[in-house]
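Scroll down for the structure; my scribbles are underneath it.
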Amino acid sequence: MTKLSVNINKIATLRNSRGGNVPNLLKFAEDIERFGGQGITIHPRPDERHIKYQDARDLVSVVKTEFNIEGNPIQSFIDLVLETKPTQVTLVPDAIDALTSNAGWDTIKHQSFLQEVVQEFQQNGIRTSIFIGTDLKLVEAAAKTGSDRIELYTEDFAAQFNIGNKEAIKPYTTAAVLAHTLGLGINAGHDLSLDNIQFFKENIPNLAEVSIGHSLIVESLYLGIENVVNMYLHRLQ
Ligand SMILES: CC(=O)[C@@H](O)[C@H](O)COP(=O)(O)O
Ligand SMILES: NCC(=O)COP(=O)(O)O
């Protein structure tokens, strides 16, 4: 079964735009789970442009499904994750000022660092996932870090699918087959949407989780959040 983890960064963006607590992030997370969402994902960036570190502390007692915290493992992020102990941590090599996540890890170059970070989180009972592309040598190196899972960075797939190039799925399928062979769990995310999710799911064996935020929230502006969550769940069956 592929779990749907809803990334609520953009709800925090809307909340922060007026400086108050509307929309209420905690209530939104509870409602997502009530509608059938199987996980909540947040990505607290160092500038706290949307998700604040305090949101992570508040959400950990609210989220009853799976709680996934994504981010670049700078010390403040590591400390936050060890403090809150989510279900899963996803390591993302974002530059501090990145507009959004725009690259996966070079798991060869950063092998020893990733091994240390992965081990520290696992010793605290936190499942680990490493955000990477489809380069097979980097998938192999991701397995050598000892990480539980990888998260396939799907922006390239989404962009190519959008212009009708379905061949773009092939590197993701190949990477997923290798990852499974190496004992890695397989997550995926970035720019997945109602348009591309079913085709992606059909072509990625052993897909454990997709984390979706931006498109899902935009689609919900037109179709309603409860309806959209269930549309994703139906397409992920
Ligand atoms: C790693 C990933 O693809 C998502 O966490 C994405 O970075 C969302 O971050 P923003 O909502 O800040 O774009
Ligand atoms: N890991 C991907 C994620 O959490 C959401 O990415 P996006 O759907 O906002 O592009």
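The values are calculated or read from the model by the stated rules, or taken from the named source; none is laboratory data. These numbers were taken from a predicted model, which means no experiment stands behind them. Every residue, glycine among them, receives a Cβ derived from its backbone with ideal geometry; neighbour counts consider all protein chains shown. The protein model used for the area step is the full one, side chains on, heavy atoms only, and it has no ligands, DNA or RNA in it. Shrake-Rupley method; radii C 1.70, N 1.55, O 1.52, S 1.80 Å.
A few notes on this one:
- Residue under evaluation Gly185, criteria (1) out of contact with any Asp or Glu (no Cβ under 7 Å at 6 or more places or on another chain); (2) within 20 Å of Lys144 (Cα to Cα), criterion not met: (1)
- Leu216 passes every criterion in (1) open to solvent by 10 Å² or more (accessible area, probe 1.4 Å); (2) in contact with a Phe, Trp or Tyr (Cβ under 9 Å, 6 or more places away or on another chain) apart from (1).
- The numbered conditions (1) outside any helix (DSSP H, G or I); (2) within 16 Å of ligand 1 (Cβ to nearest atom); (3) of a type outside the set (A, V, I, L, M) are all true for Asp195 except (2).
- Members of region 1-58 that are open to solvent by 10 Å² or more (accessible area, probe 1.4 Å), of a type in the set (A, V, I, L, M) and either outside any helix (DSSP H, G or I) or on the phi > 0 side of the Ramachandran plot (or both): Met1, Val22
- Residue among Ala95, Ala168 that is touching an Asp or Glu at 6+ places or on another chain (Cβ under 8 Å), open to solvent by 10 Å² or more (accessible area, probe 1.4 Å) and without any contact (Cβ under 8 Å) to a residue 40 or more places away in the chain: Ala168
- Residue in region 88-101 that is more than 21 Å from Thr154 (Cα to Cα) and either away from ligand 1 (no atom under 15 Å from the Cβ) or acidic (Asp, Glu) (or both) present: no
- Test: residue in region 110-125 that is within 14 Å of ligand 1 (Cβ to nearest atom) and not β-branched (Val, Ile, Thr): no
- Of all residues in region 15-55, those satisfying the criterion of being within 14 Å of ligand 2 (Cβ to nearest atom) and either over 24 Å from Leu91 (Cβ atoms) or β-branched (Val, Ile, Thr) (or both) are Ile32, Ile40, Thr41, Ile42, Ile51.
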